[in-house]
Amino acid sequence: MIKQLKEKNPGEDEFLQAAEEIYESIQPLLKENQQLKSEKIYERMLEPERIITFRVTWLDDNNEVQVNRGYRVQANSAIGPYKGGLRFSPLVTLSVLKFLALEQTLKNALTGLPLGAAKGGADFDPKGRSDKEIMRFCQAFMLELHRHIGHQIDVPAGDMGVGEREIGYMFGAFKKIKNKFTGVLTGKGTMWGGSYIRKEATGYGLIYFAQEMLKQHDDSLEGKTCIISGSGNVSIFAAEKAIAMGAKPVAMSDSSGFIVDKEGIDEEKLEHIKKIKLEDKGRIQTYCEQYKEAEYVETKGDKNKNTIWQVKADCAFPCATQNELDENGAKSLVENNTLLIAEGANMPCTANAAKVLQKGKMLYAPGKASNAGGVAISAIEMTQNSMGVYWTKEEVDDKLLEVMQRIHKNCLQAAKEYGKEGDYVSGANIYGFKKVSEAMMAQGVI
Ligand code: GLU
């Protein structure tokens, strides 16, 4: 089956990587239930229900015409309307979005909420663009996307390069085109239909999940040193919750390099990182100008191939992007006796890195389980929009904790049931696949 998949999707490395990992995990299910094979459930899951690609044309600040490619991959609607983020990055390709949409299919099922799966975005690079350019791009993007989405059809949200500002511009454009105020996007501002904690949800949820993993071993995050790669939304709010739980982040990064602060990044230092990265859109390197105890290691173009994974710490949270942690990085984590690795990004480990971590018998959670907090709170935003009722910060945070605990429990139970006790990768894939496949079979061959 994998051979045929490769022939059918040549060059789509990220998509094939995700598809193969899931295929390996679901073997016990396929052996047990012949119907899954005869109904070709996994083959169907690997073919998105619909892929839309479109031209996005807009004027930059010099009145020059710019052309980008926009996408929406509507992967699966067996258990609910399509749901998943939009990514704006020059690295966006169809392969990346197909892998993300496939991961989203199982992730959304794991939340226990009625969510189908999609992913989209554009090969647009927001770096260095003015606010007005971002606005014009978002409007041009929505000028086409609006035809394909709707609050019971497909509900996009943010992802890399798409935060509250971009959601705002896209929401404004959608409302203007349709003349309707509906919950068509999640990640909205709390003043105009958004939910509390949505921005923080992926990072907070990741730390809640890690806490559950440690609880299994009568341990906790209290006093644990942590590596948190990245310095975007996921990383920053993971650091915030980790600090609140008594842990000590000692390293963070961006695409140029990483900082190591052995004394630990505390609340005040994290506020500084928020200002550098979220407000000023600057480089993490400038952290060291303020905090002399920290050191900066440049990784861009580094011949010695230094990585953040060589820093010694109790826990590691890869929160930057796909395939950021390779085999060598994984070996460093094993050598350093890292206790726990929980993914905040989607598929941050290469296939070989994941194998090293699994062999190393460490506590290892895949992103589709440990980073599902973001989409879970998106679902809660959708519920609030439908009901016209808004919950407090505390209420939403309680719901987030509840969802993460449920996902954790479901992963462990599924893993145990299929002879993979303690294996979160197998557990997440089996649970998610089982749920979506049951719905697909109930709905017939369509
Ligand atoms: N992009 C996020 C993810 O990877 C959130 C998606 C959503 O909220 O729809 O899960």
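The values are calculated or read from the model by the stated rules, or taken from the named source; none is laboratory data. Being a predicted model, the structure only gives us computed values, none of them experimental. For neighbour counting, all protein chains shown are included, and Cβ atoms are generated from backbone atoms with ideal geometry for every residue, glycine included. For accessibility, only protein heavy atoms count, side chains too; no ligands or nucleic acids. Shrake-Rupley method; radii C 1.70, N 1.55, O 1.52, S 1.80 Å.
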Original post:
Just checking, which of ALA117, ALA109 is within 15 Å of the chain's Cα centre (by Cα) and without any contact (Cβ under 8 Å) to a residue 60 or more places away in the chain?
Top reply: ALA117
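Among the residues of the range 379-392, is there at least one that is under 19 Å from the mean Cα position of the chain (by Cα) and open to solvent by 40 Å² or more (accessible area, probe 1.4 Å)?
Within the range 379-392, the subset under 19 Å from the mean Cα position of the chain (by Cα) is 379-382.
Retained after the next criterion (residues that are open to solvent by 40 Å² or more (accessible area, probe 1.4 Å)): none.
The answer is no, given that none of the residues of the range 379-392 is under 19 Å from the mean Cα position of the chain (by Cα) and open to solvent by 40 Å² or more (accessible area, probe 1.4 Å).
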**OP:** For residues that are open to solvent by less than 10 Å² (accessible area, probe 1.4 Å), more than 14 Å from GLY168 (Cβ to Cβ) and part of a helix (DSSP H, G or I), tally how many sit in the range 134-154.
**Re:** 1
Original post:
Is there a residue being more than 12 Å from the ligand (Cβ to nearest atom), crowded, with 24+ Cβ neighbours inside 10 Å, closer than 21 Å to THR392 by Cα and touching a residue at least 60 places away in the same chain (Cβ under 8 Å) anywhere in the range 217-240?
Top reply: yes
Original post:
Looking at the range 192-216, which of the residues that are hydrophobic (A, V, I, L, M, F, W, C) and in a helix (DSSP H, G or I) is farthest from the ligand (Cβ to nearest atom)?
Top reply: LEU214
Original post:
Pick from the range 99-133 the residues that are of a type in the set (A, V, I, L, M) and assigned to a loop (DSSP other than H, G, I, E, B): which of them is nearest to the ligand (Cβ to nearest atom)?
Top reply: LEU115
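Can you say whether ALA313 is at pLDDT 95 or above and open to solvent by 40 Å² or more (accessible area, probe 1.4 Å), as far as the supplied structure shows? Talk me through it step by step, then tell me what you get.
On the way: at pLDDT 95 or above: yes; open to solvent by 40 Å² or more (accessible area, probe 1.4 Å): no.
In short, no.
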Original post:
Which residues, taken from the range 258-282, are open to solvent by 60 Å² or more (accessible area, probe 1.4 Å) and either at pLDDT 95 or above or polar (S, T, N, Q) (or both)?
Top reply: LYS262, GLU263, ASP266, GLU267, GLU268, GLU271, LYS275
**OP:** Collect the residues in the range 13-32 that are open to solvent by 30 Å² or more (accessible area, probe 1.4 Å) and farther than 20 Å from ILE430 by Cβ, keeping them in residue-number order.
**Re:** ASP13, GLU14
Original post:
Among the candidates LYS399, LYS368, LYS409, LYS420, which residue alone is within 14 Å of the ligand (Cβ to nearest atom) and within 29 Å of ILE228 (Cβ to Cβ)?
Top reply: LYS368
Subject >> Residues of the range 323-349 satisfying the condition of being open to solvent by 30 Å² or more (accessible area, probe 1.4 Å) and on the phi < 0 side of the Ramachandran plot >> reply: GLU324, ASP326, GLU327, ASN328, LYS331, VAL334, GLU335, ASN336, LEU339
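Yes or no: GLY183 closer than 11 Å to LEU86 by Cβ and either within 11 Å of the ligand (Cβ to nearest atom) or part of a loop (DSSP other than H, G, I, E, B) (or both)?
So GLY183 does not fit the description; no.
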Original post:
If you go through the range 362-400, how many residues are more than 15 Å from LYS188 (Cα to Cα) and hydroxyl-bearing (Ser, Thr, Tyr)?
Top reply: 3
Original post:
So SER255 fits all but one of (1) surrounded by fewer than 20 Cβ atoms within 10 Å (Cβ to Cβ); (2) at pLDDT 95 or above; what number is the exception?
Top reply: (2)
Original post:
Looking only at residues in the range 81-98 that are more than 10 Å from the ligand (Cβ to nearest atom) and aliphatic (A, V, I, L, M), which one is most open to solvent (accessible area, probe 1.4 Å)?
Top reply: LEU91
Original post:
With GLY189, GLY158, GLY168, GLY163 as the choices, which residue is farther than 16 Å from PHE88 by Cα and either within 15 Å of the ligand (Cβ to nearest atom) or surrounded by fewer than 24 Cβ atoms within 10 Å (Cβ to Cβ) (or both)?
Top reply: GLY189
